[in-house]
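I have placed the structure first, in the form of C-alpha cells, so that the comments after it can refer back to it.
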Amino acid sequence: MVHMFLNGGGMKGGNLHHLIGGAPFLGPATTLPIYRLHAVPLDGVPDDHPALEHTGPGDGAAITGELYDIDFIVLRTSLLPAEPPDLELGVVGLADGTEALGMRLRDIAAGLTGIVDITSYGSWRAYKTATAGSP
C-alpha cells in the first residue's frame, strides 16, 4: 500500500473514483505551496482534467485534494492506465510535512495549447463548482 494524493477524477464523486479499488480514504490533504494547478484540455474538452505543476517556493500555492492508501496492484493495473498522457506519477509534498505519490504535469507538457492556470481556485473541485461543472 502507498499513500496517493488525488486531486481530480479519482476523488470521491469523481469520474475515476471507481478505479481506486475501494482504497481507504485517509482524509483531505493539502500540498505544500510549491505547485500551480492547471485545467488541461484533452480530445476537444477544454478542461478535461487537472494537473499539478511543481514550481518551487514563492511561485506556487497550496492545493487541496484527498489522500488514499492505494494498493500497488490497483495503482499499476487500474488507476495509472486511465491517466492522461500529459501526466506522470511523481512525489507530492504535503503541508503536514509528509509526501505521497501523485499525478503531476509532465515537464514537456507545460507548454500545451489550451492549458489554463486555475491555481487561484485552490482545488479542482472548487474550480469545477465555480465553472458549473462536476468534479
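Give me the tail of P(r) for the chain as a percent: Cα-Cα pairs with distance above 17 Å.
Roughly 55 percent, once rounded to a whole number.
What distance in nm lies between label points placed 7 Å from Cα along the C-beta direction at Ser120 and Thr55?
Result: 1.2 nm between the two label points.
Assuming R0 = 25 Å, can you tell me the calculated FRET efficiency for the pair Phe25 and Leu112, based on Cβ-Cβ distance, to the nearest 0.05? Mind dumping the intermediate values first?
Values: r = 31 Å, r/R0 = 1.25.
FRET efficiency, Phe25 to Leu112: 0.20.
Could you state the principal axis extents of the C-alpha atoms in region 46-99, from the largest down, to the nearest angstrom?
On the principal axes, region 46-99 reaches 36, 31, 15 Å in Cα extent.
Among rounded, prolate and oblate, which fits region 25-67 when a ≥ b ≥ c are the square roots of the eigenvalues of its C-alpha gyration tensor, a/c under 1.5 means rounded, and a/b larger than b/c means prolate?
Numbers: a/c = 3.90, a/b = 1.32, b/c = 2.95.
Cα axes put region 25-67 in the oblate bin.
³J(HN,Hα) across region 26-35 via Karplus (A = 6.51, B = -1.76, C = 1.60, θ = phi - 60°), whole Hz, x for Gly/Pro?
Residue by residue, region 26-35 yields 9, x, x, 9, 10, 6, 5, x, 10, 10 Hz.
Might you report the magnitude of the Cβ-based charge dipole of region 17-126 about its Cα centre, with Lys and Arg at +1 and Asp and Glu at -1, to the nearest 20 debye? Show your work: numbers first, answer last.
Details: 5 positive and 15 negative charges, 14 e Å.
Around 60 debye, computed over region 17-126.
Return the calculated 222 nm mean residue ellipticity for the chain, to the nearest 500 deg cm²/dmol, obtained by summing -39500 (n - 2.57) across DSSP H runs with n ≥ 4 and dividing by the residue count.
-1500 deg cm²/dmol
I'd like the FRET efficiency for Asp96 and Asn15, computed as 1/(1 + (r/R0)^6) with the beta carbon distance as r and R0 of 25 Å, rounded to 0.05.
0.35
No value in this document is a laboratory result; all are computed from the given coordinates. Keep in mind it's a predicted model, so treat the numbers as computed, not measured. When we count neighbours, we look across all protein chains shown, and the Cβ atoms used for this are built from the backbone with ideal geometry, even at glycine.
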